[in-house]
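All remarks here apply to the structure that follows.
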Amino acid sequence: MGTIRDIWRVNLKDCIFCNLETSRIEKEKQFALSFKDLYPVTEGHTLVIPKRHVQSYFDLTEEERSSIVDLL
């Protein structure tokens, strides 16, 4: 399969999300994706993350925030 890093061609070897196996992706939008947590606190716990590395939610573009909301 490969990892997200292979697809996005980023060089962040220590990023746990860049090293996520693509087979774990449940849903994807242009600027975000979702996948189940391997160690969920509650049943069905799902993570939704942007595809671009940013410092905080407030650094996302409107399109990125929209992709995240659509996945939620």
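Data for the structure
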{"quantity": "Cα-projected label distance for residue 21 with residue 43, points at 7 Å along beta-carbon direction, nm", "calculated": "2.4"}
{"quantity": "Three-way shape call for the stretch 17-72 based on the alpha-carbon gyration tensor, with the a/c threshold at 1.5", "calculated": "prolate"}
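Bear in mind these aren't lab numbers, they're just calculated from the coordinates by the rules spelled out. Quick caveat: nothing in here was measured; it's all calculated off a predicted structure. Cβ coordinates were reconstructed from backbone atoms using ideal geometry, including for glycine residues, and neighbour counts include every protein chain displayed.
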